[in-house]
1. With all protein chains present and a 1.4 Å probe, how do I59, I92 order by accessible area, largest first?
2. Taking the convex hull of the alpha carbon atoms in the chain, what volume per residue do you get, in Å³?
3. May I ask you to order 112-118, 244-250 by the average number of other C-beta atoms within 10 Å around their residues, highest value first?
4. Rounded to the nearest 20 Debye, what is the dipole magnitude of segment 115-188 about its Cα centre when Lys and Arg each give +1 and Asp and Glu each give -1 at the C-beta?
5. How far apart, in nm, are two points set 7 Å out from the Cα along the Cα-to-Cβ line at T552 and at T38?
6. Could you give the angle, 0 to 90 degrees to the nearest 10, between helix 61-80's Cα long axis and the longest principal axis of the Cα atoms of the chain?
7. Accessible surface of T67 in the full protein assembly, 1.4 angstrom probe, to the nearest 10 Å²?
8. Between rounded, prolate and oblate, where does segment 204-339 land on the alpha carbon gyration tensor, with a ≥ b ≥ c its root eigenvalues, rounded for a/c under 1.5, else prolate if a/b exceeds b/c?
Amino acid sequence: MTLEKKKIPCSKQECGRSAVYRTREMAARALVPFVLVTQVPSTVCDLLKELPPTPGPKIQHNHIHGTLLQVLFLLRSFQSDSHRPIPSENGIGSALRRYIWIASRQNCCLVTRGAFLDVLVSLCGPKISILEDGEVRELRREALSVLLESELLVSGPESLVPAPGSIQLLLSLSRVALAACVEEPEQWDTPHAPQLLESLLSSPCYEVRGLALDALLRQLQQRGSSQWLQQTTLSHLTGRAFHETHPHCLSKVLEVLCALGSTGPILWQDGGRIMAQEEVHKRLLSLTKTSAHSVDLQCAALSLLSLLVSHAVTSEPQDSGAAWCYAEWAAVVCSGCSEEQPLEVKMTASKVLVQSTAPVLTSPHLPLGFDATVSLWKSLVTLLQDEDKDVRDAAADFICFVPESLLSPDVCRSSVCPPLALDSAVGILCRLLHQWGRLSEGVLSLAEWLMGNEEACPEESAEAPSLDDEDFLFEKGELNLWAEPVQWVRLLHRHLAALLQSQDPESPASDPDRVRTLSDRAQSQTQAAVRSLSSLCPLPQFTGPMEHARLTLRLQRAQRAADVLHQIR
């Protein structure tokens, strides 16, 4: 269907001039299907002719805004259509330059100023333009002149006061500035690019700061390099990590810094002061512990802190200022792997552990110490058994970063299914215990894994054998609820038995006090489980299958752990 000027639908004629913002927007969207992609340029030109050439007292701003929205949605449909015609001389560029006053401070309506700027961005930004290159360059010069005289770069009495449409205008100005200083600085070729980016990052409006940080993050991820950023911008970002007050913006700052850190070491500055790594680590540790109200901020802080720890443990010489936080970092990562954590936190912990596989988990030097490293391995094993498939799959990628010397001959350094990754993880840890020379301590730690977290005393277990909601590790129905834990117990016991057989008889003896404590605990749990099983109704496999399965699992854990500890003695 073609759209002639005399047959413009009523949505354009009436709804496009409505006093209701949403109605004007819906009318603009409704116009798009009526215009063929080949007719977009001529239709846009016809629409632009309806704009007033100069400001005046009788201007209908609702009409201007409705017209600009129609132009904007038509341009976006043109850019998204794969069968669009080749840009040619169509008069749109010259028409926009005639009405550029609508985007300037001559226009008292902030909403129409913002809409005109959005049209400019659609034509001058990184997307496919409907204009020829020469027209785009001229339009960019006009847009820059408007931008440099706008409220975005002005402070004091002339700055923009809060009013209806003020945030929308600032965001539209920011999009023009980002196109010039971040997305396509080579095409815009302006010496004011650093000033524009600095103004955006230090804007009092958190929406503007967030928009700028999103654009920075996108460009860093696309380019894979930070060489295009000036040192003043890097210093500003590191300073914002300490002074940003809005949670969303702070999380974006940390994400940008994490992207920067993945390309090389970060020089942390706050103004003109160079900050020590210890100060940075304290700040990030504090954020990971106190940001439970904002999952995005918690995940961003944990990711950045983990990246800095990985850099610190692989640096030569070792950074003594970072060593104090290793244990605390390990504790934070382990807490992020627990079952009650949100999915986003567990996914972040999975990625952190995967990235830490080479520098931390499989390092022959134990940079975090034995206890912290084993606790991280336990957290990885926990994630490999998580209820959510995405978490299990993400954690299974650790196998891609394990040295080949630690892998079994039938396992390669590529993505594997979580069950195979779980079996491989325990096998790799057993080989690492040999490599570290900590076999005796490692066997006791694995024996504790085997017993699980059963802390109930025999009396409590006998008197209150009921199931709690916390016992439901997997929401998979009653019959196979405990299948995975039983398989895990058998897998772990198999590796432990093989580890004990390979132990050198002349190797250092295990701590007798710890062995005795664990043996007493295993015996206590065995007796409690036996008493609880004997108190069940006849044929408990049928009358109470869930309770029977839970107590049987507890009994298997305790008996297999007692068997291992008996061999140690």
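1. The most accessible residue leads, giving I59, I92.
2. 222 Å³
3. 112-118, 244-250
4. 180 debye
5. So the two model labels end up 7.4 nm from each other.
6. For 61-80 against the chain, the angle is about 60 degrees.
7. Here the residue's solvent-accessible area equals roughly 0 Å².
8. Cα axes put segment 204-339 in the oblate bin.
The values are calculated or read from the model by the stated rules, or taken from the named source; none is laboratory data. Computed from a prediction, not measured in an experiment: that's the story for all the values here. Here Cβ is always computed from backbone atoms with ideal geometry, including for glycine, and neighbour counts include all displayed protein chains. Heads up: the accessible areas ignore ligands, DNA and RNA and are worked out on the full protein's heavy atoms, side chains in. Shrake-Rupley method; radii C 1.70, N 1.55, O 1.52, S 1.80 Å.
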